Every structure is written in C-alpha cells, then in structure tokens.
Ligand SMILES: Nc1ncnc2c1ncn2[C@@H]1O[C@H](COP(=O)(O)OP(=O)(O)OP(=O)(O)O)[C@@H](O)[C@H]1O
C-alpha cells in the first residue's frame, strides 16, 4: 500500500464572489522511501497542494490518505496531533523561535509529544552529529548562519522520525554551498528510508529527488523519473521540461 495517496483532489478558493481553482484534479501516490519534487510556475498550485497534504488546508473535494487514514476527515485537534506525530516540515524561512536556543527549538515537537528529556537527548545526539550542529546547540538561531539555521530546522523536522518530510522551498534562502549541504542531508535520510515531498522552483534542487512532478493550472502535467540516470542527465531533463512548460505557457 502506498504511504500517501491523493485521488481527484480539488481546491477552489472564493475571492470577492469569484472562484479561483487552485487545484483542478490531482491524483498521485507516494510510496514509503520515495523522494518527490514538485515543480511548476508561480500560481500553479504547489503550495496549496503541500498545505492540503500537511492538513493546514482542506480540499474542496477528493480524498487524501496517509497510511489509509483520510486526512480531509480529521478534526482540527486530531489534525494538530497528526502533524506533530507524523509530519516533519522544512520551510524556506526556517521558522525557528528566537526566544529558544537551537537545542530547545529542536526539542519543541518532542516536548509537545511529552517525551522524556532522556529520550530527547538520545534522539538528538546522532542527528546533531550527522547535521554537524553539535557545537552550536546552545546558541540561539540569531547567532548562527543561514545554512546552520536550515540544518537546525531540518533536525527539528527529523527528530520526531516523521512518516513524511514536507519541504517548501527548503533551499530558497541558502547559497549554493549551503543548499548542496542540505540536499546531501536529504539524500542521506532518504537512503535511510525517510520519505520526502518537496516543493521547489530550483531545477538543481529537484535533481536530487527520485522523481519530479510538474504542476500546471492545478493538474499534474508531466512526470520525470530519475531511475538509473546520473544527477546531471536528470537535471538536464528537468530543465528541458521547465523550458517546454514555460513556452507552452507563453503560447496559451
Ligand atoms: N487563500 C487563497 N485565497 C484565494 N486564492 C488563493 C489562496 N491561496 C492560493 N490562491 C490562488 O491559488 C492559485 C495557486 O496558488 P499557490 O500558492 O498554490 O501557487 P504556487 O504554485 O505555490 O505559487 P508560488 O510558486 O508563487 O508560491 C493561485 O492562483 C493563487 O492566487
């Protein structure tokens, strides 16, 4: 059974008596261990899709299931619990709290899940070593670099051992060196079995994934699978698809 399935998902926003169809008809399935990138032009519906999978928004119709559980039917309280226990989030702007040091930022989801301090420390040690953030755990988010902040945010997302890691432009605020570092980390955790779904505008970032879905006007328009290709060939195909998509956009 796939980890995540979406069937005929539609999301319509009402704005000043007008309707905006953000997602027209999206069906997709993600199996455990997959690493999926979602690309598309601005306004294509990527963030709406991610928000619906994250239970931060509800579909107007269609079904979204994670391990067979229908996410559209969760009450707000259960949705909050679901997000805390099953999902990890990495955003472009890190979303770290400046009033907490880095260690406490990372511990936050485990504190909410009422884990013991011993358990939290046990989980953090190997993760911090892998992310190379052990020496900066006692500092505050405003005392570290952007790349380090994103690694702290990644640690906070991964420490709950989520079923699904959701990332929205995770490299958007990083220079190429730090972006490559974060993407190598995503590669490592994916190799260890972590399922990742990531929205990105960057073809280079998408080229780290196992498959790339292209969204246009609220539907999945095209899909590329990396398979045995090396990263450079996959990147070339992603770039070509984006160019084709943009030229069709210009013609329509
Ligand atoms: N809360 C809302 N109310 C009304 N319309 C919305 C709302 N959220 C999104 N939309 C519209 O839905 C469409 C899809 O938006 P969405 O943010 O999902 O696109 P996107 O692909 O993530 O774009 P970007 O790459 O610019 O972030 C757009 O036309 C947008 O204006």
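The values are calculated or read from the model by the stated rules, or taken from the named source; none is laboratory data. Just so you know, these numbers come straight off a predicted model, no measurement behind them. Don't worry about glycine lacking a Cβ; one is built from the backbone with ideal geometry, like all the others, and counts go over all protein chains shown.
Please tell me if residue 210 is surrounded by fewer than 21 Cβ atoms within 10 Å (Cβ to Cβ), in contact with a strand residue (DSSP E or B) (Cβ under 9 Å, 6 or more places away or on another chain) and at pLDDT 95 or above. Here the answer is yes, as residue 210 does meet what is asked.
Do you know which residues across the range 1-12 are buried (at least 20 other Cβ atoms within 10 Å of the Cβ) and more than 13 Å from the ligand (Cβ to nearest atom)? First the steps, then the outcome.
At the first step, the residues of the range 1-12 found to be buried (at least 20 other Cβ atoms within 10 Å of the Cβ) are 4, 6, 9, 11.
Correct list: 4, 6.
Checking each residue in the range 202-252 for being assigned to a helix (DSSP H, G or I), under 19 Å from residue 191 (Cβ atoms) and touching a residue at least 40 places away in the same chain (Cβ under 8 Å) picks out 205, 206. Kindly provide the set of residues from the range 12-48 that are under 19 Å from residue 168 (Cα atoms) and modelled with pLDDT under 95, ordered by number. Passing the criteria: 40, 41, 42, 43, 44, 45, 46, 47, 48. Candidates 184, 139: the one that is within 17 Å of the chain's Cα centre (by Cα) and away from the ligand (no atom under 16 Å from the Cβ) is 184. Evaluated against (1) at pLDDT below 95; (2) closer than 19 Å to residue 205 by Cα; (3) touching a helix residue (DSSP H, G or I) at 6+ places or on another chain (Cβ under 7 Å), residue 55 falls short on exactly one condition, (2).
Figure legend. Inter-residue proximity from the range 50-71: first residues without any contact (Cβ under 8 Å) to a residue 24 or more places away in the chain and closer than 20 Å to residue 214 by Cβ, second residues within 15 Å of the ligand (Cβ to nearest atom) and not in a helix (DSSP H, G or I), beta-carbon distance below 6 Å, spacing 6+ or different chains. Indicated pairs: 51/57.
Any chance the range 147-162 includes a residue that's under 22 Å from residue 51 (Cβ atoms), in contact with a strand residue (DSSP E or B) (Cβ under 6 Å, 6 or more places away or on another chain) and assigned to a strand (DSSP E or B)? No, that holds for no residue.
Taking residue 145 as the residue in question, decide whether it is modelled with pLDDT under 90 and loosely packed, with under 14 Cβ neighbours inside 10 Å. No.
Could you identify the single residue in 100, 89, 82 that is modelled with pLDDT of 90 or more and either within 16 Å of the ligand (Cβ to nearest atom) or assigned to a helix (DSSP H, G or I) (or both)?
Details: 100 fails: either within 16 Å of the ligand (Cβ to nearest atom) or assigned to a helix (DSSP H, G or I) (or both); 82 fails: modelled with pLDDT of 90 or more.
It is 89.
Annotation: residue 117 fulfils all but one of (1) within 15 Å of the ligand (Cβ to nearest atom); (2) on the phi < 0 side of the Ramachandran plot; (3) out of contact with any strand residue (DSSP E or B) (no Cβ under 6 Å at 6 or more places or on another chain); the unmet one is (1).
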